[in-house]
Amino acid sequence: MHAGLDLAPFRALRYAPDRVTSLAAVTAPPYDVVVRPDGQHALETADRHNIVRLTLPRAEDPAQAHRAAAGILSRWRAEGILVTDSRPALWVYEQRAGGTLQRGLIGALRLSPPEEGVVLPHEDVMPDVVADRADLTRSTAVNLEPLLLSYRGAADTAAALERVVSLPPALATTTADGTRHRLWPVADRRRVAALAGGLTAHRALIADGHHRWASYLRLRAEHGGRPPWDRGLVLLVDTDRYPLRVQAIHRVLPTLPPATALDRLRGAFRSRPLGQALPDALETLAATPGPAFVLAGGDRPHLLDRPDAALLERTIRRDRPDAWRRLDATVLHAALLDAVWRHEVPPASVRHLHDARAAVTQAERAGGTAVLLRAVPESTVRALAEAGVTMPHKSTSFGPKPATGLLLRPLDPRDGIAAQI
């Protein structure tokens, strides 16, 4: 068993404020939250240097896209669009939107496999997505986005963090969604120790970024655990003080028309038509006991509930806890996608969207079906993770998520820990 969370300062790669329209115009949501193609196009046109050109590069094939991202990054660095800080630092990061306030620490975290029990995954990953993110990082040699990790109750770290935010921030911007972002670099060794020292007795849950974490581990192994590939860029948030929101991730099945989806059920689930208003349908779903979903994309949404007990017994693994067997995502994948609809829905065709309205819109455009899910309580997520049980991929969406583009971490040997401190 290793020590707990080992967070180190890093030399941040950042946008030069005088070379871009605004800091807000070059930031983006995490790559898997960007709604494509409309949301991606909006970001690309907000500023020609928007970070989405690196996180979601466009090209005929993935390898070409990753090479294109590397070329764009190299050009931006040469032109002074992106510049590297002279000193390594930890960064205190604050997000404020409406009544929500979140504060955390951005730094380079020592990578550890799940068996060490220091960083706990709670979702399975898709190998092709891990390979894509690893190849993008390999090509650019930069951690483009901080992962979101949660921990609980490091009092010393909390006290040191509050002292930092009493000072004026070094960076501040308000993004298009109304969220105000503020950042403070901490380079002084004693202050770094005060912030990071209290974390060593704690472990963290991966709230957002399972595929990127898996890509970190893959690249670490490729480089023999040598710096700087032995660490990855993360945002650590103490959820005792700043609880995260947990939301659902919905599925779009472009190859499955709604009428066919309902016809194939044949008693596998009870199906009831709902009113046409999406918010009302989601409220009904939230109040429905047991596994349940809303199917949308046709004339009106339908509620699926009361799954056939024999179907669940036949399709869902028995070597997992009851809490896992009852998850909506478990039932969706095992009973519907892998059994009832398996001939109509190739696994590679399934799309994952965080926004219910966007999921329905995409389904309607494709003539397919949107499957809308409910959020899983954080207590269930954490309990399963601590028991070493992972949920199906894309089961949860934790937030607020860190904005992409505020801080990048170059994977340069000069940024190894020996050179940093």
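The values are calculated or read from the model by the stated rules, or taken from the named source; none is laboratory data. As the structure is a computational prediction, the values presented were derived from the model and not from experiment. We place every Cβ from the backbone using ideal geometry, glycine too, and count neighbours over all the protein chains shown. In case anyone asks, the SASA skips ligands and DNA or RNA and just uses the protein heavy atoms, side chains included. Shrake-Rupley method; radii C 1.70, N 1.55, O 1.52, S 1.80 Å.
Tell me the accessible surface of Tyr31 in square angstrom (1.4 angstrom probe, heavy atoms of protein chains only), to the nearest ten. Counting only protein heavy atoms, Tyr31 exposes about 20 Å² to solvent. Tally Lys and Arg at +1 and Asp and Glu at -1 over the other residues with C-beta under 9 Å from the C-beta of Asp238: what net charge comes out? Around Asp238, the surrounding residues sum to +2.
Here the stretch 309-326 and the stretch 189-258 have alpha carbon centers that stand 29 Å from each other. Taking amide H as placed 1.01 Å from N in the peptide plane, the amide H of Ala8 sits under 5 Å from that of Ala108, Leu109, Arg110, each at least 5 places away or on another chain. For the chain, the mean residue ellipticity at 222 nm estimated from helices alone is -9000 deg cm²/dmol, where every DSSP H run of n ≥ 4 contributes -39500 (n - 2.57) and the total is divided by all residues, rounded to the nearest 500.
With K and R counted +1 and D and E -1, the other residues having a Cβ less than 9 Å from that of Ile81 yield a net charge of +2. In this structure Thr100 has an accessible area near 50 Å², from a 1.4 Å probe over the protein heavy atoms.
Grab the beta carbon distance between Ala287 and Glu386, set R0 = 35 Å, and tell me the FRET efficiency rounded to 0.05. Rounded to the nearest 0.05, the efficiency is 0.75. Taking Cβ atoms as reference points and 14 Å as the exclusive limit, the residues near Asp156 contribute a net charge of +2, counting Lys and Arg as +1 and Asp and Glu as -1. Note on Arg77: accessible area is roughly 90 Å² with a 1.4 Å probe, heavy atoms of protein only.
Computed from backbone phi, the HN-Hα couplings of the stretch 280-295 come to 5, 4, 5, 5, 4, 4, 4, 8, 8, x, x, x, 7, 8, 10, 9 Hz, rounded to whole numbers (Karplus: 6.51 cos²θ - 1.76 cosθ + 1.60, θ = phi - 60°; Gly and Pro given as x). Here the 3J(HN,Hα) profile of the stretch 127-135, calculated from phi with Karplus coefficients 6.51, -1.76 and 1.60 at θ = phi - 60°, is x, 5, 6, 4, 4, 5, 5, 5, 5 Hz, Gly and Pro shown as x.
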